[in-house]
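Inspection log for the structure reproduced underneath, given as structure tokens.
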Amino acid sequence: MTVQNVGGDTFFTPVFAGFHDGSFDLRQATGSGTLGQASDGLEALAELGMTGALTTEFNSGGALREAGTLGGGPIAPGQSVSADFDLDLLGANRFLTLASMLLPSSDTFIGNISTPAFDLSTFTGESLTFDLTALYDAGTEVNDFAASPGIPLLYGNAALGLNGTNFPAGIATDGEDQNALISLIDPASSVFDDFLSQPTTGTLSAAPSSFRITVSAVPEPASGLAGCVALTGLMLRRRRKKNPRG
């Protein structure tokens, strides 16, 4: 699977990817609000960019599940990260859930919760590509974009013509708590006003980046083994023809 940060000016943290039977959700099992409440694992991802707690929550739900993290650091606009998974796309782990923190932000993440998981059984060829654009506020930390994780990445990016000298370090912290109620973000809404209107020497795009996900089939290991067996048989036949008495 390959995930690409498509366009925009924003970065993303390493991506959580979980394959399951359709029963996993990024939200708590119980909670209020239209979209529910963020789990502890989702809070750690949305505020700190860490996938460990979310992976632990995911793995506790069944042996057939498989999770992984794509990327080892901030994923820049246009950058791609990849990982291999052993899946049965028609079987029990054919559903995919993704999540990653948007940088810079306080607790904004991109993921799929309005539709709990993508059903990969629609995979009919060598690859399946789709875009993920849904941005959510985890509701776990008060928004303060000027001091958000990722500020140096964006405002110190010379390629964008931006100047980061007037901004703090932007270290990921567990800041002032909110009610943990998840809400869908309109990229053009006021939630990004403070972030987009910071004084810079360049111009930021109004909309954050999105993810382009490509799932590609790879040859089964058994195919390579069969080739080795066939090659061995051919070598034996040649040896016997060369020395029939042996």
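The values are calculated or read from the model by the stated rules, or taken from the named source; none is laboratory data. None of these values were measured; they are calculated from a predicted model. All Cβ positions, glycine included, derive from the backbone under ideal geometry; neighbour counts span all protein chains shown. SASA here: full protein model, heavy atoms, side chains in, ligands and nucleic acids out. Shrake-Rupley method; radii C 1.70, N 1.55, O 1.52, S 1.80 Å.
What to note about this one:
- In nm, spacing of pseudo-spin labels at Ser82 and Ala217 (7 Å Cα→C-beta vector): 1.7 nm
- Phi angles across the stretch 61-69 convert, under the Karplus curve 6.51 cos²θ - 1.76 cosθ + 1.60 with θ = phi - 60°, into 3J(HN,Hα) values of x, x, 6, 7, 7, 9, 10, x, 10 Hz, Gly and Pro given as x.
- Mean Cα-pair separation over length for the stretch 1-148, i.e. relative contact order, pairs under 8 Å, 6 or more apart, %: 32 percent
- Amide H to amide H, with H built 1.01 Å from N, Gly111 comes under 5 Å of Ala134, Tyr136, counting only residues 5 or more places away or on other chains.
- For Met50, the accessible surface of its heavy atoms amounts to roughly 110 Å² (probe 1.4 Å, protein chains only, rounded to the nearest 10).
- Amide H within-cut-off set for Ala180, under 5 Å, with H built and near neighbours excluded: Thr140
- A 1.4 Å probe over all protein chains sorts Asp137, Asp86 by accessible area into Asp86, Asp137, starting with the largest.
- Nearest-10 value in Å² for the accessible area of Asp144, using the 1.4 Å probe: 80 Å²
- Of the listed residues Ser216, Ser148, the order by accessible area with a 1.4 Å probe, largest first, is Ser216, Ser148.
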